[in-house]
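These notes are about the structure you will find just below.
The values are calculated or read from the model by the stated rules, or taken from the named source; none is laboratory data. If you're wondering where the values come from, they're calculated on a predicted model, not measured in any experiment. For neighbour counting, all protein chains shown are included, and Cβ atoms are generated from backbone atoms with ideal geometry for every residue, glycine included.
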């Protein structure tokens, strides 16, 4: 693995009696998009805020590009860009004004191009309180990347965004990734994590329950593939018909749905059956287990543990 | 320097764009000045000579004590300070820049009063403008220091109002701002009024700048300057970015130390 840009060793964060983050460790190499997933209260935001220097950890060590976020906060500011989950700006500040202000504090020229990129040009002279929630989030993202930080923290970046804005955000993340920016992404959107993240860590009750690439994580689960079949005569509607490696079968509308532990023999047997009974195939869909399926599996395992 | 200038420019414009701040920086002090000029000028012949010092003191007190603390508390509660922190805005800028812009607004109001009061209400103009400038700066420093300190230690906007009024209301009654000279108060109340920074501000502005000997004003200005420096130092020390993160370095009760110079002044007998 390449040298770590972000290093977390035995990080612990407590709020009174509650242990929000419990001795977690992970490393993130340069240019990786690292997803932090977990149900509400799992410790995602606490982990991010310790890394961002907004909270003081109760234990463990943190490094971002060899800078300690707790003791060297002033050095950290130019190394990281942060889109906070819950943050705000003065209600009377104008969009172009805040871009100028924060860029000045980072010592770079104002990035008005990002205002345009985020489709905020018509609102460039609008005050913050005149922006919609989605526009405020887009502005926060533009401000987070304006000083071209090598490490970017995004906490629920697409919450409240409409579809075009979400697509634009994903394109920007891919562009930043291509430019070797290291991105830590906390999200509830599993499809987003699966699409964008090189690796993800699933947090549960302050601990890492699973870590790896989305493919690795989905492969280590129960791994049942969903096979949906629609035929002209509906010959698969009979529940007595069994196929190899099938763990569960059900009928939903015109579709017969099978959950298989071994896709190839199941599909082959279904096709052979349809050939034998002379029932023409209209639609066949094979869906591998998603990160969301695996996530729910891990959360449910955690709940029953 | 560029960041400081941008921040200063934004804060200054905020003081006009924000309706509450516009009211406290300009409309309230100027409205009160016109009202006092119209009423007191007729019923109290001793008022015109002290009108400019008292109205300038009122402008500073209103803009600082009533205008400065609440935006600071609101910014902390709303997460605005967190946004500032992650973008490299230092705590000292958050504490000092609004204080500087508030002093600038108070200076503009003072200028308007100085230009109009002699013609409208036969008020006496300061005779020593250097002294006026020195005493104005000392008063602004002291009162904005106290105001910022209130904003830093207040856990909510409701408590902010309580703290601000705790100084503002007695200052109005005892500080000589409303045309009743503090020297006419009973001895006990005179002593009590010396614990309030506006009393010292009024004493500084109503002496040397108006042609009286400098010593009394300079003593008051020195006490105000000491109180201001102490209040700002405490505000930066006790500053917290976020009410949840435990970033405050000391007990908020330490803020009471900011009253030490006024206490010393009161004990020394003014």
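Residues in region B:69-91 include at least one that is under 24 Å from residue B:228 (Cα atoms), away from chain A (no Cβ under 14 Å), part of a helix (DSSP H, G or I) and in contact (Cβ under 8 Å) with a residue 24 or more places away in the chain.
Go through region A:51-93 and give me each residue that's under 16 Å from residue A:154 (Cβ atoms) and within 12 Å of chain B (Cβ to nearest Cβ).
Of everything in region A:51-93, those that are under 16 Å from residue A:154 (Cβ atoms) and within 12 Å of chain B (Cβ to nearest Cβ) turn out to be A:51, A:52, A:54, A:79, A:80, A:81, A:82, A:83, A:84, A:85, A:86, A:87.
Among the conditions (1) more than 14 Å from chain B (Cβ to nearest Cβ); (2) modelled with pLDDT of 95 or more; (3) touching a helix residue (DSSP H, G or I) at 6+ places or on another chain (Cβ under 6 Å), residue A:182 misses just one, which is (3).
Kindly indicate whether residue A:283 is surrounded by fewer than 16 Cβ atoms within 10 Å (Cβ to Cβ), out of contact with any strand residue (DSSP E or B) (no Cβ under 8 Å at 6 or more places or on another chain) and free of Cβ contacts under 8 Å to residues at least 60 places away in the same chain. Before you say what the answer is, go through the steps one by one.
Values: surrounded by fewer than 16 Cβ atoms within 10 Å (Cβ to Cβ): yes; out of contact with any strand residue (DSSP E or B) (no Cβ under 8 Å at 6 or more places or on another chain): no; free of Cβ contacts under 8 Å to residues at least 60 places away in the same chain: yes.
Here the answer is no, as residue A:283 does not meet what is asked.
Looking at (1) surrounded by 17 or more Cβ atoms within 10 Å (Cβ to Cβ); (2) assigned to a helix (DSSP H, G or I); (3) facing another protein chain (nearest Cβ under 10 Å), which one does residue B:56 not meet, given that it meets all the others? Failing condition for residue B:56: (3). Those helices (runs of 4 or more DSSP H) of region A:94-157 in which at least 2 residues are farther than 29 Å from residue A:6 by Cα and within 13 Å of chain B (Cβ to nearest Cβ), considering only elements entirely within it, cover A:95-106.
Comparison of A:197, A:133, A:201, A:171 shows that the only residue that is under 18 Å from the mean Cα position of the chain (by Cα) and modelled with pLDDT under 90 is A:171. Taken over region A:240-261, the criterion of being exposed (fewer than 13 other Cβ atoms within 10 Å of the Cβ) and out of contact with any strand residue (DSSP E or B) (no Cβ under 6 Å at 6 or more places or on another chain) is satisfied by A:240, A:242, A:252, A:253.
Among the helices (runs of 4 or more DSSP H) contained in region B:195-270, which hold 1 or more residues that are over 18 Å from residue B:57 (Cβ atoms)? Answer list for region B:195-270: B:214-238, B:260-267.
Taken together, the residues in region A:174-191 that are within 11 Å of the chain's Cα centre (by Cα) and part of a loop (DSSP other than H, G, I, E, B) amount to 3. Out of all the residues in region B:27-44, is one or more more than 19 Å from residue A:127 (Cα to Cα) and crowded, with 23+ Cβ neighbours inside 10 Å? Looking for residues that are more than 19 Å from residue A:127 (Cα to Cα) and crowded, with 23+ Cβ neighbours inside 10 Å, one finds at least one in region B:27-44, hence yes. With respect to residue A:56, determine if the residue is under 29 Å from residue A:191 (Cα atoms) and not in a strand (DSSP E or B). So residue A:56 fails the test.
The lone criterion from (1) surrounded by fewer than 17 Cβ atoms within 10 Å (Cβ to Cβ); (2) more than 18 Å from residue B:140 (Cβ to Cβ); (3) touching a helix residue (DSSP H, G or I) at 6+ places or on another chain (Cβ under 9 Å); (4) at pLDDT 85 or above left unmet by residue B:181 is number (4). Taken together, the residues in region A:192-209 that are touching a strand residue (DSSP E or B) at 6+ places or on another chain (Cβ under 7 Å) and part of a helix (DSSP H, G or I) amount to 2.
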